[in-house]
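Visitor: One structure, pasted below without further comment.
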Amino acid sequence: MLSGDYEKLQAVAGGFVIGSRTLPGMVLVYPNPALTTAEIDQGAAQGYSDETIQLQPSGAARSIQAGNGRGKQVPVTGALNGESVQGYMAGYTNGQGSGVTIIAFTTPESWTQMQTHAETMTGSVRLYTPETSPRLAQARQALAGNSLVWSHNSNQVSMNSSGYHTGSAVNAFEAWHCCANGRGRYEGARSMSYQGGGLAGSSESGPGAWDGSWSLNAQGEDFVLVFQFDDGSSNSWVVTVDDNENVAVDGKRVEVKQDSICQ
């Protein structure tokens, strides 16, 4: 039950918007299975910033027990698209694949009308340990001890007006190694070579290899693969399986294979 006249209005990238047709302000909700207590502590201490919104803590953070999870709520001030805002920000996790970030804000002039509702919506979250469905248990068992591997190679060659051969070659690679003991390794790399005007060159980029632990959680009909890396950071990817048992990670078709990483 939402506080006041607020209701879910629309989806946004990675989350959704809660708003009201009669009360001021808006609420942004971002589910995040990979959210950690360290990231919540950092947000409560330093605030949040992206291309459109900048928020800084304006008071002390409050620790909250959220069902089977825990989190923190902190008052914030800042700007949305250059306009001043005031509100609350909160983050919660149960450490088992359930996590969420919530930001409730409005203009400073309208804050007195929204404050009670914002405090309730960011401070009354409850997280529960999800039951493992047979489908999720089967997917976890199938992934344990295997790797998801994606690769892409492309070559383009032509001849320019001066008679020089020009072209480029791109080789990209990603792998998610999910060992049966819960350890994991993510690898990613991209290399590009080019030739033109009598010149040739190459470049490489990518995050390299990162070690940590992995987990697989359900998200509707799909799955979320979460890597918690040893340096404290984390990342997540959406894994889909179609009717023909083809597997994709964030929309990219992958192979499921055994390799020597987990041996």
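Visitor: Quick check: anything in the range 42-55 out of contact with any Pro (no Cβ under 7 Å at 6 or more places or on another chain), of a type in the set (F, W, Y) and either assigned to a strand (DSSP E or B) or over 25 Å from G184 (Cα atoms) (or both)?
Guide: Checked against the condition, which is being out of contact with any Pro (no Cβ under 7 Å at 6 or more places or on another chain), of a type in the set (F, W, Y) and either assigned to a strand (DSSP E or B) or over 25 Å from G184 (Cα atoms) (or both), the range 42-55 yields at least one hit.
Visitor: Just the residues that are over 7 Å from V85 (Cα atoms), touching a helix residue (DSSP H, G or I) at 6+ places or on another chain (Cβ under 6 Å) and not small (G, A, S), please, taken from the range 97-111.
Guide: Within the range 97-111, the first condition is being over 7 Å from V85 (Cα atoms), and the residues that meet it are 97-104, 109-111.
This time we only want the ones that are touching a helix residue (DSSP H, G or I) at 6+ places or on another chain (Cβ under 6 Å), so: 102, 104.
Residue satisfying the conditions is I102 alone.
Visitor: Let me ask another. From the list A66, A38, A60, A79, exactly one residue is within 19 Å of the chain's Cα centre (by Cα) and of a type in the set (A, V, I, L, M, F, W, C). Which is it? I'd like the intermediate steps shown before the answer.
Guide: Numbers: A66 fails: within 19 Å of the chain's Cα centre (by Cα); A60 fails: within 19 Å of the chain's Cα centre (by Cα); A79 fails: within 19 Å of the chain's Cα centre (by Cα).
Only one candidate qualifies: A38.
Visitor: Separate question: Is there any pair with a first residue in the range 1-28 that is surrounded by 12 or more Cβ atoms within 10 Å (Cβ to Cβ) and a second that is among the acidic types (D, E) and at pLDDT below 85 whose Cβ atoms are under 6 Å apart and which are 6 or more apart or on different chains, and what are they?
Guide: Filtered contacts from the range 1-28: S20/D5; L23/D5.
Visitor: Inside the range 212-249, can you point out the residues that are touching a Ser or Thr at 6+ places or on another chain (Cβ under 9 Å) and assigned to a loop (DSSP other than H, G, I, E, B)? Before the answer, list the steps.
Guide: Going residue by residue through the range 212-249, those that are touching a Ser or Thr at 6+ places or on another chain (Cβ under 9 Å) are 212, 217-218, 221-230, 232-234, 246-249.
Once the filter is applied, which keeps residues that are touching a Ser or Thr at 6+ places or on another chain (Cβ under 9 Å) and assigned to a loop (DSSP other than H, G, I, E, B), the range 212-249 yields E221, D230, G232, S233, N246.
Visitor: So, one more: Could you please find all residues in the range 1-44 being acidic (D, E) and at pLDDT 85 or above?
Guide: Listed by number, the residues that qualify are E7, E39, D41.
Visitor: Quick check on my filter: what residues within the range 45-90 are open to solvent by less than 20 Å² (accessible area, probe 1.4 Å), at pLDDT 95 or above and within 30 Å of G220 (Cα to Cα)?
Guide: If the condition is that a residue be open to solvent by less than 20 Å² (accessible area, probe 1.4 Å), at pLDDT 95 or above and within 30 Å of G220 (Cα to Cα), then I64, G71, Q73, M89, A90 are the ones that fit.
Visitor: Please determine, by comparing only the residues of the range 92-122 that are part of a loop (DSSP other than H, G, I, E, B) and surrounded by fewer than 17 Cβ atoms within 10 Å (Cβ to Cβ), which one is modelled with the highest pLDDT. If you could, list the steps in order and put the result at the bottom.
Guide: Step one: filter the range 92-122 for residues part of a loop (DSSP other than H, G, I, E, B), giving 94-98, 107.
Remaining after also requiring surrounded by fewer than 17 Cβ atoms within 10 Å (Cβ to Cβ): 95-96, 107.
Working: G95: 81, Q96: 75, T107: 96.
This residue is T107.
Visitor: Being of a type in the set (D, E) and without any contact (Cβ under 8 Å) to a residue 24 or more places away in the chain is the filter here, so list the residues in the range 206-242 that pass it.
Guide: Taking the range 206-242 and keeping what is of a type in the set (D, E), we get 211, 221-222, 230-231, 242.
Across the range 206-242, the qualifying residues are E221, D222, D230, D231, D242.
The values are calculated or read from the model by the stated rules, or taken from the named source; none is laboratory data. Since the structure is predicted, the reported quantities are computational estimates derived from the model, not experimental observations. Backbone-built Cβ (ideal geometry, glycine too); neighbour counts: all protein chains shown. Ligands, DNA and RNA are excluded from the accessible area calculation, which covers all protein heavy atoms including side chains. Shrake-Rupley method; radii C 1.70, N 1.55, O 1.52, S 1.80 Å.
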